[in-house]
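This report concerns only the one structure given below.
The values are calculated or read from the model by the stated rules, or taken from the named source; none is laboratory data. Only a predicted model underlies this, so the values are computations on that prediction, with no experimental measurement involved. We place every Cβ from the backbone using ideal geometry, glycine too, and count neighbours over all the protein chains shown. Areas reflect the complete protein model, heavy atoms only, side chains present, ligands, DNA and RNA absent. Shrake-Rupley method; radii C 1.70, N 1.55, O 1.52, S 1.80 Å.
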Amino acid sequence: MAILGSNTEINQTAYEAYSPIYVSASLNMTYTVAYALTTAMLVHTALWHGPRIWRVMRRQRVEQPDIHAKLMMEYEDVPRWWYLGVFLALFSLSVVCVQVFDTTLPVWGLIVAILIPIIYFLPAAFIYASTAQIMTLNLISQLVPGFLVAGKPVAVMVSQLYIFGNAY
């Protein structure tokens, strides 16, 4: 609170007068490894599972259906327009919330916050399915909005909310 201005943005002169940020070496190393892991997750999924994902996206049959897939064939598929309708309704509500309330998050920041989990969904799912290790987006959700809307902590927190809400 000591460095925030009246408009919830960082007051640079108050920040400089307060003190610089001190980060320990262990926290610095933790962040470095975590950023490397999030990048490695994307590269690993592209290299190891990329051809399989590409075949599924082109709707080629990759494997024979197991018993669960055979049982699910009894039910009618949900139309894709339902998913599109729900997404558009919730996206519209999100835009209204970001614009009406004083979040200082621009609409393009909201779109970026929605795209980040979309990009990381498949790699995180493959890692979790094969290793039972949960890959979180907490560092990416701090880094990207912190860089794009620098000096606006409320906007960064709101974009983190949308990133975490879409990731799980």
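Summary table
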quantity	calculated
The chain - percent of accessible surface contributed by carbon and sulfur, probe 1.4 Å	68
Scattering curve values for the chain, log₁₀ I(q)/I(0), Debye with Cα scatterers, q = 0.16 Å⁻¹	-1.15
Note, ³J(HN,Hα) from phi for the stretch 111-123, Karplus 6.51, -1.76, 1.60, rounded to Hz, x at Gly and Pro	5, 4, 5, 7, 6, 4, x, 5, 5, 8, 4, 5, x
In the stretch 1-110, GluC sites (Glu not before Pro) in a DSSP loop with at most 12 other beta-carbon atoms within 10 Å	63, 74, 76
Distant-in-sequence amide H partners of residue 4 (H built 1.01 Å from N, under 5 Å)	11
Per-bin percent of Cα-Cα distances, the stretch 20-62 [5 Å]	6, 19, 15, 14, 11, 10, 8, 7, 6, 4, 2, 0
Solvent-accessible heavy-atom area per residue, rounded to whole Å², over the stretch 128-168 at 1.4 Å	58
